[in-house]
Amino acid sequence: MRLLLVEDDSMLGAALKAGLQQDGHAVDWVRTADEADTAWIAVGKAAAYDAVVLDLGLPDGSGIDLLRRARQRRIATPVLIATARDRVADRIAGLDAGADDYMVKPIDLDELAARLRAIERRVIGRVESAIVIGEIAIDPATRSVVRAGQPLDLTARELAVLLALAKRPGVTLSRDQLIEALYGWEGSIESNAIDVHIHHLRRKLGADVIETQRGLGWRLAAVADR
Ligand code: CA
């Protein structure tokens, strides 16, 4: 997923960003409410993120106000609040302001990753079911890929590339779009990283599952009739 992380604590922010990237997410990290507003709520930016991980106590404002402003503008990005505020009243206020989930610090990275997977399943589950191409079945909701009934062992980044393609079956995604789906602003990546992931995916899935559109990018092969 492409995530916006809003966290003013340097050590915690760096740890969360590294952990989420390790899990295959593209993470943009901002430290103030103002920066979060620019990255997320400003006109035309709303579709940029699949989810927001939101701290409440920010140096220049409250995460709750940010969340309320987003919802008032009909921005539906799923939001997971990650905060030190542990009172029941705070949780209720956060959820009522439009948050999808609420975690109290200290944040366990494995639990955060699992909660984000749950958010992703809810979002995808509304619109998509498993995609079948020949003997390959990709289920974006459960993040599982099987070949002839056998689960495939994909790396986090390979899975991220495949899911980015699977979320828009038949649509050609350019190298830049795939990089965007995989890495945050600051990620320095090798120019051929996407090609390497595609190469490995083809080896595991079969050569014809991902088609190259010369000069344009890649797309999933035609989906089988079911
Ligand atoms: Ca804080």
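Read-outs: derived from the displayed coordinates by stated rules, not from any lab. The structure displayed is predicted, hence computed values, not measured ones. Please note: Cβ atoms are built from the backbone with ideal geometry, for glycine as well, and neighbour counts cover all protein chains shown.
If Lys and Arg each add +1 and Asp and Glu each add -1, what is the summed charge of the other residues whose beta carbon sits under 12 Å from the beta carbon of ALA114?
Within the 12 Å Cβ shell, the charges total -2.
Dipole of the chain, Cα-centred, from +1 at each Lys and Arg C-beta and -1 at each Asp and Glu C-beta, to the nearest 20 debye?
Once rounded to the nearest 20, the dipole reads 740 debye.
Taking the chain, how many lysine pairs are there with alpha carbons less than 24 Å apart, if each pair must be eight or more places apart or span two chains?
Pairs that pass both the separation and distance tests number 5.
Helices from the chain with mean Kyte-Doolittle at least 1.0 and a Cα length along the axis of 24 Å or more, per DSSP H: which?
In the chain, no H run is both long and hydrophobic enough.
With Rg and the Kirkwood Rh both taken from Cα atoms, where does Rg over Rh land for the chain?
Rounded to two decimals, Rg/Rh equals 0.99.
Applying 1/(1 + (r/R0)^6) with R0 = 45 Å to the Cβ-Cβ distance of ARG214 and ALA93, what FRET efficiency is obtained, to the nearest 0.05?
Working: r = 53 Å, r/R0 = 1.18.
After rounding to 0.05, the efficiency reads 0.25.
Run the helix sum for the chain: -39,500 (n - 2.57) per DSSP H stretch of 4+ residues, divided by residue count, reported at 222 nm to the nearest 500 deg cm²/dmol.
-11500 deg cm²/dmol
I need the trypsin sites (Lys or Arg not before Pro) found in segment 1-45, filtered to DSSP loop residues with at most 16 other beta carbons within 10 Å of theirs.
In loop regions of segment 1-45 (DSSP not H, G, I, E or B), the sparsely surrounded trypsin sites (Lys or Arg not before Pro) are LYS45.
Count the DSSP beta bridges whose two residues both fall in segment 2-124, then state the antiparallel fraction as a percent rounded to the nearest 5.
About 10 percent, rounded to the nearest 5.
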